[in-house]
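The next block holds one structure in the form of structure tokens; read it before the comments.
The values are calculated or read from the model by the stated rules, or taken from the named source; none is laboratory data. Given the structure is predicted, the values throughout are model-derived calculations rather than measurements. When we count neighbours, we look across all protein chains shown, and the Cβ atoms used for this are built from the backbone with ideal geometry, even at glycine. Keep in mind that these areas ignore ligands, DNA and RNA; they rest on the heavy atoms of the full protein, side chains included. Shrake-Rupley method; radii C 1.70, N 1.55, O 1.52, S 1.80 Å.
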Amino acid sequence: MSLTGKTAVVTGSNSGIGLGIAREIAKAGADVVLNSFSDRDEDHALAAEMTKELGVNVRYIQADMSDGDQCRALIEKAGACDVLINNAGIQHVEAIESFPASKWDAIIAINMSSAYHTTAAALPLMRAAGWGRVINIASAHGLTASPYKSAYVAAKHGVVGMTKVVALETAEEPITANAICPGYVLTPLVEKQIPDTMKEYNMTRDEVVKNVLLKRQPSKEFATVEQMGGTALYLCSDAAAQVTGTTISVDGGWTAL
């Protein structure tokens, strides 16, 4: 499908899932705004490289997704937002009785509240343009739970609920809102964890992947960032015009258990 003439804003997109989605959206012809909390030369260089490679306008705009005003300013600076991909997120793993309040607040702010702020700012632009797609990157943990991930699970469940509300509020307009719920996705961050986990458990790479990282993922295979991007592209397509207020699991069967 073609997204030529559209502008996509992807939060948390200078690496990993966000960057993978941004690349697939750009390949379909959309101009893209990359984002993260940092403001490094390499962030802007990444945007310039994608512009040259893919032939669309790719910009990098710094914004701290824990700050609601900066979330809204990101959309304002983008100038247009036909496709909003709320992807920014952080994680902390600890038992709830010792879970630091500061970590809880940061995870709720970045993983959930940022999506509220960006969506609130983007909807008027989508309505003015007469078309829009809100795609929230939730998680298998938006549909189920794991111990020691209280803030993350709470935030992702919240994102799924908010997605449904946005879908209902835009149901009579050419705007949709949906959530993608990944299981484990092979990103550079996950890849870096594998050698240390091999040492910790005295396992081979394959054993770590299948028996530790993908213990709850029945396919025993990682999803890829390209698959995340392909799912987002489907939700942008005419075929998905009546797909709204729902979740799409890309989790190798995790939530079927």
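Things to note:
- First in the stretch 14-25 and open to solvent by 30 Å² or more (accessible area, probe 1.4 Å) and at pLDDT 95 or above, second anywhere and outside any helix (DSSP H, G or I) and aliphatic (A, V, I, L, M), Cβ under 7 Å, 6 or more apart: Asn14/Leu34; Ile17/Ile137; Ile17/Val185
- Within the stretch 43-57, residues that are of a type outside the set (D, E, K, R) sit with their Cβ atoms under 8 Å from residues that are in a loop (DSSP other than H, G, I, E, B) and surrounded by 14 or more Cβ atoms within 10 Å (Cβ to Cβ), at 6+ positions apart or across chains, in these pairs: Leu46/Asn14; Met50/Val56; Thr51/Asn57; Val56/Gly29; Val56/Ala30.
- When Val10, Val32, Val56 are checked against the criterion of being within 20 Å of Lys156 (Cβ to Cβ), of a type outside the set (Gly, Ala, Ser), open to solvent by less than 20 Å² (accessible area, probe 1.4 Å) and at pLDDT 95 or above, a single residue qualifies: Val10.
- Against the test of being without any contact (Cβ under 8 Å) to a residue 60 or more places away in the chain and either aliphatic (A, V, I, L, M) or closer than 18 Å to Asn136 by Cα (or both), the options Ala154, Ala179 yield a single qualifying residue, Ala154.
- Identification of helices (runs of 4 or more DSSP H) wholly contained in the stretch 60-144 with 1 or more residues that are within 18 Å of Asn14 (Cβ to Cβ) and open to solvent by 20 Å² or more (accessible area, probe 1.4 Å) yields 68-78.
- Of the residues examined, Asn35 is not one that is part of a loop (DSSP other than H, G, I, E, B), under 18 Å from the mean Cα position of the chain (by Cα), closer than 22 Å to Glu226 by Cβ and free of Cβ contacts under 8 Å to residues at least 60 places away in the same chain.
- Total residues in the stretch 195-209, condition touching a helix residue (DSSP H, G or I) at 6+ places or on another chain (Cβ under 6 Å) and of a type in the set (A, V, I, L, M): 2
- When the stretch 163-185 is filtered for residues that are outside any loop (DSSP other than H, G, I, E, B) and either open to solvent by less than 40 Å² (accessible area, probe 1.4 Å) or modelled with pLDDT under 95 (or both), the ones remaining, listed by number, are Thr163, Val166, Ala167, Ile175, Thr176, Ala177, Asn178, Ala179, Ile180, Cys181, Pro182, Val185.
Results for (1) closer than 29 Å to Gln242 by Cβ; (2) among the hydrophobic types (A, V, I, L, M, F, W, C), shown as yes or no for each residue.
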residue: Gly89; (1), (2): yes, no
residue: Val93; (1), (2): no, yes
residue: Ser98; (1), (2): no, no
residue: Asp105; (1), (2): no, no
residue: Ile110; (1), (2): no, yes
residue: Ala128; (1), (2): yes, yes
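- Residue within the stretch 243-253 that is assigned to a helix (DSSP H, G or I), modelled with pLDDT of 95 or more and of a type in the set (Gly, Ala, Ser) present: no
- Members of the stretch 187-219 that are closer than 17 Å to Gly252 by Cβ and either among the polar types (S, T, N, Q) or buried (at least 17 other Cβ atoms within 10 Å of the Cβ) (or both): Thr187, Val208, Val209, Asn211, Leu213, Leu214, Gln217, Ser219
- Restricting attention to the stretch 182-225, the residues that are without any contact (Cβ under 8 Å) to a residue 12 or more places away in the chain and aromatic (Phe, Trp, Tyr) add up to 1.
- Scan of the stretch 44-53 for residues that are crowded, with 18+ Cβ neighbours inside 10 Å and either in contact with a helix residue (DSSP H, G or I) (Cβ under 9 Å, 6 or more places away or on another chain) or not aliphatic (A, V, I, L, M) (or both), ordered by number: Leu46, Met50
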